[in-house]
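Have a look at the structure below before the remarks.
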Amino acid sequence: MTTIRASCPSCGDVDLTVRDVSVRVCANDHSGSYTFRCPACEMAVAKHADPNVVELLVSSGVKMAVWQLPAELWEPRAGEPISHDDLLDFHELLSDERWFERLTELVDTEPSA
Ligand SMILES: [Zn+2]
């Protein structure tokens, strides 16, 4: 059984098996990381992993998961960011039984050119 030596911020070097470690690679920027639960203090530990570390861990038998950044990051944004005043206005609007109708009246639903 392959032993993987990793470092816990509290306990220092700890020995793990391939099943104790997970590798994650972001499909968008190809950044990698690995995670494990420290066998001594049981804290979850996450660390950045350079491509050579990812390759080493995966070739040792560690399972790799590929994930993607949330699609919301590429949504077009318009207008100013919401402020505390906007939030208070919305809270006040919600106290009205017709809040949804009033809200749709406030929103421009015409498709912009
Ligand atoms: Zn620890």
Given (1) within 14 Å of the ligand (Cβ to nearest atom); (2) assigned to a loop (DSSP other than H, G, I, E, B), number of the condition MET1 does not satisfy: (1)
Residues of region 70-81 that turn out to be among the aliphatic types (A, V, I, L, M) and either assigned to a helix (DSSP H, G or I) or modelled with pLDDT of 95 or more (or both), as a count: 2
Among (1) modelled with pLDDT under 95; (2) touching a His at 6+ places or on another chain (Cβ under 8 Å), the one test that SER33 misses: (1)
VAL53 among the hydrophobic types (A, V, I, L, M, F, W, C) and in contact (Cβ under 8 Å) with a residue 40 or more places away in the chain: no
Given (1) in contact with a strand residue (DSSP E or B) (Cβ under 6 Å, 6 or more places away or on another chain); (2) more than 16 Å from the ligand (Cβ to nearest atom); (3) without any contact (Cβ under 8 Å) to a residue 24 or more places away in the chain, number of the condition SER22 does not satisfy: (3)
Residue check, SER60 over 16 Å from the mean Cα position of the chain (by Cα), more than 16 Å from the ligand (Cβ to nearest atom) and touching a residue at least 40 places away in the same chain (Cβ under 8 Å): yes
Qualifying positions in region 25-52 - within 16 Å of the ligand (Cβ to nearest atom) and surrounded by 13 or more Cβ atoms within 10 Å (Cβ to Cβ): TYR34, THR35, PHE36, ARG37, CYS38, PRO39, VAL45, LYS47
The one condition in (1) part of a helix (DSSP H, G or I); (2) surrounded by 10 or more Cβ atoms within 10 Å (Cβ to Cβ); (3) modelled with pLDDT under 95; (4) not aliphatic (A, V, I, L, M) that GLU55 fails to fulfil: (3)
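The values are calculated or read from the model by the stated rules, or taken from the named source; none is laboratory data. Being a predicted model, the structure only gives us computed values, none of them experimental. Methodologically, a virtual Cβ is constructed for each residue, glycine included, from the backbone with ideal geometry; neighbour enumeration extends over all protein chains shown.
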